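The values are calculated or read from the model by the stated rules, or taken from the named source; none is laboratory data. Computed from a predicted model, the values in this text were never measured in an experiment. Note: ideal-geometry Cβ built from the backbone for every residue, glycine included; neighbour counts use all protein chains shown. The area values use the complete protein model at the heavy-atom level, side chains included, leaving out ligands, DNA and RNA. Shrake-Rupley method; radii C 1.70, N 1.55, O 1.52, S 1.80 Å.
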Amino acid sequence: MPSRDGAGSPRQLLALFLGTTLVLLTALGWLGWQSLQQDRSIEAQLVNDRVNTAADLIAAQIRQNLIDIEAELGRLSVLPADDLKRSAANYSKALGGDALVVVFEGQRVLAYPADRLLYYPTLPDPVEAPPDRFSVGETLELRDRDYRGAAAYFAKLAQSSDHEVSAGALIRLARNQRKAGDHEAALATYARLATVNDAYLFGWPSDLRARKTRCDLLDQLGRRPELLAEARQLNDDLHSAKWMLTRATFMYLTSELRRWLGESNPAGPHGVALALAANVDSLWERWQRDPAGMLGTQGSVVSRDQSTALSRGTANRVVAIVSGPLFLDHHVVAPLRELLDRYGVGLTLADGEGRTLFTHHTTTAGDARPVMRTMDETRLPWTLLVVSADPAADLARMAARRSLLIGGLVLMALLAVAGSYFSVRAMTREIKAARLQSEFVAAVSHEFRTPLTSLRQFTDLLADGRVSDEADRQKYYAVLQRGTRRLTRLVENLLDFGRMEAGFYRFMLEPMRAADILSRVTTEFVDEMTPRGYRVDVQLSGLHDALINADEATLGRAIWNLMDNAVKYSPDCRTIWVHGSGGDGAVTISIRDQGIGIAAPEQRTIFGKFVRGTLPTGTTIKGTGLGLALVDQIVRAHGGHVRVESAIGEGSTFSIILPSQRSQPEASPQPTTVEAPS
Ligand code: ADP
């Protein structure tokens, strides 16, 4: 059987196609993966390029911004002393924020504004009253231990119009009052001394000395609330640079205050001021160590903690801006804002040891790697760290492109799968059609061969005159007639089918009585089958005089085909039943047999061209698979349909249902032409 020989081919083809599709999909997947990887590194490269470009532009712009500042420092460094004071004070005001202009000249340090420098690297020796002015009182105090006498002496001396003498007398008066146990009086004297602010006592401003000693006494007396209040006040004044102090004095006082105020000593808010003072200190040390190193046009930079120092100098004088983060923000970063926004980057300025001095809008996102420009590379006072400000946006851009790519790949994969599926389906169909056609050719050849063989045999017998008996001759003529009719029907079936398939067939529909057609066809069929031993039970009474619009020849052929199948597929039963009935605007022509029956799933497919049903094992019934396809075409051209009811082993009933009308003799019905349905 050709169908069995070719059965493997579609499966092999399917496997081949599936294999090809799988290879294609794998290739697509690999390609996609590679593209994604490449896309990721391109995006990273783009971000990196952007940040690098921004870093270079930022460095160039900062350098540009510093030129003005350095020029001003250069101008100040060569001004006459009087002009310098005024100009430096004005310049420091213009700088605002947390910037401090300091001038080193000889052994002098000047600061503008002065209240921004907490302590000085060096101070001139203070002028105090000569010690022998107090020797009388001190003799009473130290040698005679006559504290009250000494107190009386110093109280009198405190009236002196020389405020240095007056201050010296007051501090000694308070000391003797303490020694005499008159603490209230001592406290009052310290308070009085605290109002004298233009004298020095033992190296400190007299008011500072008085307030510190008053705190000592309050501490000694255990008067804690008063001590805290005064210590706090002293702490505030100290950190707002009320006095010009050396570093040692400042540090000593802060440690004392910390002792009184505990850890709550508010050094924190003064962090920048402390950093400025420390920076001035180290700048001074460098100036002392290597004055030449501070000269030149490039200036010098010291960045430490939160402070930066920019300086320019001559042989005798150094002028520097010592500043905190505010100055950086206002004078260095603010002019860069537009640039930073345009490139979507954040900036950190760090000192030479990598400590952050200022940060602008940097991200905390983990994988954004900063681009670094060191001081050596840029010749700037800071190390620059530039980073993409919004890595999430970079990622989102990447994700959008990735989705597009993945979408495209999925679409391509779907197209590949769909393409393969449809190709396989089309090829399977083609193969099936080819197989059916070859089966059809074999079947048709066989259908022709059988009647042709008997025709030739009987014709030869008659032509050779070998049949002498008239009755035999008549019998052979009848056989020849049946064979010829059968061949004619076969040829007409094939020709009609071909024409209908091509859409050339024109049905000539004419109104006629259904009973007439059916009785003509059944009569012919009975004539044909009776000699072969078949019985046809015909019941036409139900049709009455129902009229149908019919092309007599083709409708007759359809009924014949059904009756022929009923006989063909009933090997064990020699009777078939034909029944015609009418009513409700329809005519039903049923052909029933008690043959092999048709399996339920096949009842839908057998109307397809070249389609043959499954036969019981061991049964051979020849056929072309065209009969029912033709019946279906013809009946549909008549506006009707074919119905099949069947059960395996019990037989089948095929019914043609056509629209009808009752006969109206007075009406003169008109013929109509209908094209074959596709
Ligand atoms: P053919 O008879 O040449 O094979 P048909 O188109 O006339 O082609 O019929 C298609 C198939 O339908 C047959 O191969 C057969 O399996 C099934 N068939 C048709 N009529 C009957 C019937 N009366 N009883 C059982 N099977 C039938």
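Assorted remarks:
- Restricted to the range 544-566, and to residues there that are of a type outside the set (D, E) and open to solvent by 10 Å² or more (accessible area, probe 1.4 Å), the residue that is nearest to the ligand (Cβ to nearest atom) is N565.
- Taken as a whole, the structure places N561 among residues that are touching a helix residue (DSSP H, G or I) at 6+ places or on another chain (Cβ under 6 Å) and among the polar types (S, T, N, Q).
- Just one of the listed residues (T348, T362) is within 32 Å of the chain's Cα centre (by Cα), buried (at least 16 other Cβ atoms within 10 Å of the Cβ), modelled with pLDDT of 85 or more and hydroxyl-bearing (S, T, Y), namely T348.
- Within the range 492-506, considering residues that are modelled with pLDDT under 85 and over 20 Å from W560 (Cβ atoms), the one farthest from the chain's Cα centre (by Cα): F504
- Cross-chain or 6+ apart pairs with Cβ under 9 Å, the range 627-638 first and more than 11 Å from D496 (Cα to Cα), then more than 13 Å from the ligand (Cβ to nearest atom) and of a type in the set (S, T, Y): A637/Y505; A637/T554; H638/T554
- Residues of the range 570-594 that are surrounded by 22 or more Cβ atoms within 10 Å (Cβ to Cβ) and near the ligand (Cβ under 10 Å from one of its atoms): I576, I591, D593.
- All conditions in (1) of a type outside the set (G, A, S); (2) modelled with pLDDT under 85; (3) in a helix (DSSP H, G or I) hold for D367, with the sole exception of (3).
- Complete set of residues in the range 168-190 that are open to solvent by 40 Å² or more (accessible area, probe 1.4 Å) and either closer than 21 Å to R133 by Cα or in contact with a helix residue (DSSP H, G or I) (Cβ under 7 Å, 6 or more places away or on another chain) (or both): R175, R178, K179, H183
- No other residue among T614, T620, T624 is under 60 Å from the mean Cα position of the chain (by Cα), closer than 27 Å to A442 by Cα and of a type in the set (S, T, Y) apart from T614.
- Output for the range 542-596, where each listed residue is hydrophobic (A, V, I, L, M, F, W, C), without any contact (Cβ under 8 Å) to a residue 60 or more places away in the chain and part of a strand (DSSP E or B): I576, W577
- When the residues of the range 610-644 are filtered to those that are near the ligand (Cβ under 9 Å from one of its atoms) and among the polar types (S, T, N, Q), the one that is least open to solvent (accessible area, probe 1.4 Å) is T624.
- Among the residues of the range 384-396, the ones that are open to solvent by 70 Å² or more (accessible area, probe 1.4 Å) and more than 17 Å from L347 (Cβ to Cβ) come to 1 in all.
Results for (1) part of a helix (DSSP H, G or I); (2) open to solvent by less than 90 Å² (accessible area, probe 1.4 Å); (3) within 30 Å of I621 (Cβ to Cβ), shown as yes or no for each residue.
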| residue | (1), (2), (3) |
| --- | --- |
| L380 | no, yes, no |
| M398 | yes, yes, no |
| R402 | yes, yes, no |
| G408 | yes, yes, no |
| V417 | yes, yes, no |
| E430 | yes, no, yes |
| E439 | yes, yes, yes |
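- If the condition is being out of contact with any helix residue (DSSP H, G or I) (no Cβ under 8 Å at 6 or more places or on another chain) and among the hydrophobic types (A, V, I, L, M, F, W, C), then the range 471-508 contributes A471, V491, L495, A502, F504, M508.
- Test for L509: is it within 18 Å of I591 (Cβ to Cβ), touching a strand residue (DSSP E or B) at 6+ places or on another chain (Cβ under 9 Å) and not β-branched (V, I, T): no
- For the residues E675, E645, E666, the requirement of being modelled with pLDDT of 90 or more and among the acidic types (D, E) singles out E645.
- Filter result for T484 (open to solvent by 60 Å² or more (accessible area, probe 1.4 Å), of a type in the set (S, T, Y) and part of a helix (DSSP H, G or I)): yes
- Qualifying residue in the range 595-603 (condition: more than 16 Å from the ligand (Cβ to nearest atom), surrounded by 19 or more Cβ atoms within 10 Å (Cβ to Cβ) and among the β-branched types (V, I, T)): no
- Against the numbered list (1) hydroxyl-bearing (S, T, Y); (2) open to solvent by 20 Å² or more (accessible area, probe 1.4 Å); (3) closer than 18 Å to V631 by Cα, Y534 comes up short only at (3).
- Where Q474 falls short, out of the listed (1) closer than 30 Å to Q539 by Cβ; (2) open to solvent by 80 Å² or more (accessible area, probe 1.4 Å): (1)
- Residue selection: R466 satisfies the criterion of being farther than 25 Å from L543 by Cβ and not in a helix (DSSP H, G or I).
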